[in-house]
Amino acid sequence: MRRFLCKLKTNILSKKRVNVDLVGFIIPLTLIVIWCFVTLHGRIPSYILPNPLKLGQIIIDFAFGIWNLTPYSGKLFENLTASIIRVLCGFGLATFLGLALGFLSGRIYFIRRLSDPFIHAIRAIPGIGWLPLAIVWFGVGEETTLFLITLAAFFPIYTNTAFSASQVSPLFLRAGRMLGANKITLFSTIILPATFPSIIVGLRLGLGISWAYLVLGELTGVTKGLGAVMMDSRMLGHVEMIITAMVFIAILGRITDIILVKICNLIYPSKEGAGGTSDTGYLRLGTPARS
Amino acid sequence: MNLDKELIINDLDKIFPLPEGIGSLRVLDKISLQLDRGEIIAILGPSGCGKSTLLNILAGFEKPNKGEVYFKGTPVTKPTSQIGMVFQSAVLFPWLTVKGNIAYGLRFKKYKDKEIDTICQQHIHLVGLEGFEKYYPNQLSGGMQQRTALARILALEPKVLLMDEPFASLDAQSRITMQQLLLSIWSQIQPTIIFVTHDVEEALVLADNVYIMSKLPGRITHKIKVPLGRPRPISVIGTAEFSKIKGDILTLLFS
């Protein structure tokens, strides 16, 4: 933990964080200026798009309930918790299934022959295509949401784990056996660390997809959750609340991704040599490459 | 069977099935060798003559179709740290530091953390990697990677070292440095070494006996006793005796 805090500190203090590329701000700032211009002068009515100041107020009100501007005033926390729990359950289940099946099919040729064609056939059905069937099976609400998240997040985790597990260099395994590893320690000391970078890619993709399918599931009808807030707000004509919920989903998606990478970094610290350059880092924040 | 010998290789055959499923390829043909404890032999042969296959069988990674390998009188059937292999590439674990790599095998033995530390330090010193303990393999030069690989296996105190062209990918200077390092390590702990190479000079600098293998199917065609004394400094390459025997071997290889 101390190591983690130290690293966080150096990350924040390092020059990289100070030298932000200002060019990246041009497009967002321009959009905000245009947004202000069209909304504050009444070109676009506020029931289509609220002005940025109003939106800021609504966001603060949603979080702290100071002004009672909407029916959701001060209800951020309960909706947030409901959504986070759903994502954690669905993503957790998908991680467990994806890693277990991924390692089995990546390392055992017979299981790969047995399961790979089936899993890839299922994968070809877009996750959203499962929605009607999920509603028939599980009814609208909680179970459907969980099912959709788990199903959708499973595939990137499984695919990345299975592929990287099958690609572990046989020389590593020979070296490990020669140096005294048995079947179990061979897995924990060689296969797991060798596949770890790809597993993280899978987990990060899976987590991103979890948030997407959370919203889809919640739109179908749950009482609490950010997706439910969006859908209800549409019916109640509170477009500013739809955007507010979107903002929080964006923030949460990013925060959970950062936490995931930090946890992974704690399990296998990035390769920082005596030179101390984080450029050789095993894992870095940023967009994972799709594979 | 002669139990005084450290390693006995008895009549090994290895046949690989061809990928198309028709016929098969005989890679090793009746290979027999006997090594005394502390002996260094070099195996010379053209590429693709089955040298690596032979080492893989000796290390217990592959099974021969016929014949046996005995180490101190017991058959070798699976990998053991008593018979250590140094691969052509260092095969270091990239997620571990130099020290982590060297400690890897020690962690499976009943050592305390402190003892592991001590053994690591000894072997880091032995291969001359002081100050690089915390480096990761991708931050090291090829020569330093092979030093780490050597230290990693030596830490487990193997009795036999199998070396599969370990210095082939190094530049000429590093290769000579590594050969001298290997000789200095040998003079300290005297493991039995089987050194596979295609470099005649390397074979002559290191070995007591040089064996020449033929093209497929791999057979041992000649055994040459190297008449050079030990210690064998690098200057031995310039001597007339060295040049003569090198000439003889080259003639054998290309005749």
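The values are calculated or read from the model by the stated rules, or taken from the named source; none is laboratory data. Keep in mind it's a predicted model, so treat the numbers as computed, not measured. Positions of Cβ are backbone-derived with ideal geometry, glycine not excepted, and every protein chain shown enters the neighbour counts. Just the protein is used for accessible areas: all its heavy atoms, side chains included, with ligands, DNA and RNA removed. Shrake-Rupley method; radii C 1.70, N 1.55, O 1.52, S 1.80 Å.
Values for this structure:
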{"read-out": "Cα convex hull of the protein assembly as shown, projected area averaged across orientations, nm²", "value": "34.1 nm²"}
{"read-out": "GNM top mover of B:I194, B:I22, B:I83 - chain B, alpha-carbon springs below 10 Å", "value": "B:I22"}
{"read-out": "Computed P(r) (all Cα pairs; region B:99-255; 5 Å bins; percent)", "value": "1, 8, 17, 18, 18, 14, 10, 7, 5, 2, 0, 0"}
{"read-out": "Unit Cα scatterers, Debye sum, region A:209-267: log10 I(q)/I(0) for q = 0.17, 0.22, 0.24, 0.27 Å⁻¹", "value": "-0.59, -0.82, -0.92, -1.05"}
{"read-out": "Chain A, relative contact order [Cα under 8 Å, separation at least 6], %", "value": "19 percent"}
{"read-out": "Cα Rg over Rh - region A:31-171, Kirkwood", "value": "1.19"}
{"read-out": "Proximal charge balance of B:Y111 [Cβ under 15 Å; K/R count +1, D/E count -1]", "value": "+3"}
{"read-out": "Mean separation of Cα contacts under 8 Å, 6 or more apart, over the residue count of region B:151-255: relative contact order %", "value": "23 percent"}
{"read-out": "Sequence-distant residues sharing a close amide H with B:M85 (under 5 Å, placed H)", "value": "B:L162"}
{"read-out": "Local electrostatic count, B:S89, Cβ distance below 11 Å [Lys/Arg +1, Asp/Glu -1]", "value": "-2"}
{"read-out": "B:K134 accessible area, 1.4 Å probe, all protein chains in place, Å² to nearest 10", "value": "150 Å²"}
{"read-out": "Kirkwood Rh (inverse of mean 1/r, distinct Cα pairs), region B:142-221, angstrom", "value": "13.5 Å"}
{"read-out": "For A:R234, solvent-accessible area (1.4 Å; no DNA, RNA or ligand), Å²", "value": "140 Å²"}
{"read-out": "Region A:75-280 - Debye-derived log10 I(q)/I(0), Cα point model, q = 0.09, 0.16 Å⁻¹", "value": "-0.43, -1.05"}
{"read-out": "Shielding by partners - mean other protein chain Cβ count within 10 Å, residues of A:109-118", "value": "0"}
{"read-out": "Radius 14 Å from Cβ of A:I60, net charge of other residues (Lys, Arg +1; Asp, Glu -1)", "value": "0"}
{"read-out": "Where the Cα pairs of region B:91-157 fall when distances are cut into 10 Å bins, in %", "value": "25, 60, 15, 0"}
{"read-out": "GNM flexibility winner over chain B from B:L150, B:L126, B:L58 (Cα, springs under 10 Å)", "value": "B:L126"}
{"read-out": "Cut-off under 5 Å, modelled amide H: who pairs with B:I40 long-range", "value": "B:I193, B:D208, B:N209"}
{"read-out": "Nitroxide proxy distance, nm - points 7 Å out along Cα→Cβ at B:I234 and B:D117", "value": "3.6 nm"}
{"read-out": "Stokes-Einstein D (µm²/s) once Rh is taken as the Kirkwood radius of region A:24-74 over alpha-carbon pairs, at 4 °C in 1.567 mPa s", "value": "109 µm²/s"}
{"read-out": "Contact order normalised by residue count of chain B, Cα under 8 Å, 6+ apart, percent", "value": "26 percent"}
{"read-out": "Computed lengthening from A:K75 to A:I258, 0.36 nm per intervening residue step minus Cα-Cα distance", "value": "63.4 nm"}
{"read-out": "Rg and Dmax [Cα atoms of region B:25-156; Å; Rg one decimal, Dmax integer]", "value": "16.8, 50"}
{"read-out": "GNM top mover of A:L203, A:L226, A:L53 - chain A, alpha-carbon springs below 10 Å", "value": "A:L53"}
